[in-house]
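Quick note: the coordinates plus some simple rules give every number you see, no bench work behind them. Values in this document were obtained by computation on a predicted structure and should not be read as measured data. Here the Cβ positions follow ideal geometry from the backbone for every residue, glycine too, while neighbour counts run over all protein chains shown.
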Amino acid sequence: MDNVIIGFTDRNKCEVIRDIVAGGGFYDADICTTGDEILRAANESAGGIVICGYKVANMLHADIYEMLPESFGMLVLLSRKQADLVDSEDIFTLVLPVTKVDVIRTVKMILSFLDKSAVSAENRNGMTQGTDRSNEEKIIIERAKLYLMNKYKITEGAAHRFLQKNSMNRGMKMIDTARMILNG
């Protein structure tokens with residue numbers, strides 16, 4: 001589930017991003033220079049994340065995302081102008097320039113969210129027993145943070161502080177604030 005696929009038309013950009021994610025402990029990242037290569041690598045994998053640009057050779061990021069297996073998330077590194085063109089709340093973005101720390105944190109957070117979602121899906125399907133509500137609440141809070149990060153182009157820490165501050169100001173539990181954010 002922790003597979004990393006990096007897709008940019010420029011192979012040098014792929015290698016720079018691979019070096020950044022290796023700093024976060026992801027040493028076996030696949031490098032792809034076309035959308036078709038990304039999809040082939042994803043279909044041969046159990047799940048993970050695709051890190052790519054707005055457009056990869058012959059395909060837009062949104063087209064790639066639509067064809068990815070459900071066990072994959074997507075992080076798009078793009079310019080401020082391109083950020084306004086991304087309209088899917090399921091595709092996560094970071095606006096360039098970005099720090100190495102933000103890339104690593106975002107990748108880890110998305111992968112953590114995917115892992116928790118997979119566990120939650122298994123629990124709903126009766127494959128495992130004994131989950132407590134706190135795991136579901138953690139998933140909801142993580143989803144709310146990811147939503148805030150994606151919508152407002154903020155870091156995970158800023159999203160967490162936003163949830164905390166708004167919860168305190170309203171006299172609500174953090175989980176209730178997260179649910180409110182996700183339900184619009």
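What the Cα atoms of the chain give is an Rg and a Dmax of 16.7, 50 Å. First check a/c for segment 142-184, with a ≥ b ≥ c the square roots of the eigenvalues of its C-alpha gyration tensor; if it is under 1.5, answer rounded, and if not, answer prolate when a/b is larger than b/c or oblate otherwise. Oblate, because a/c is 1.5 or more while a/b does not exceed b/c.
Ordering Val21, Val4, Val98, Val16 by the number of other Cβ atoms within 10 Å of each residue's own Cβ, fewest first, gives Val16, Val98, Val21, Val4.
Filter the cross-link list Lys151/Lys173; Lys138/Lys165; Lys13/Lys108; Lys55/Lys151; Lys55/Lys165 down to pairs whose alpha-carbon distance in this structure exceeds 27 Å. Those over the limit are Lys55/Lys165.
This model, with +1 at the C-beta of Lys and Arg and -1 at the C-beta of Asp and Glu, gives segment 1-92 a dipole about its Cα centre of some 380 debye. Residue order for Ser79, Ser167, fewest other beta carbons within 10 angstrom first, comes to Ser79, Ser167.
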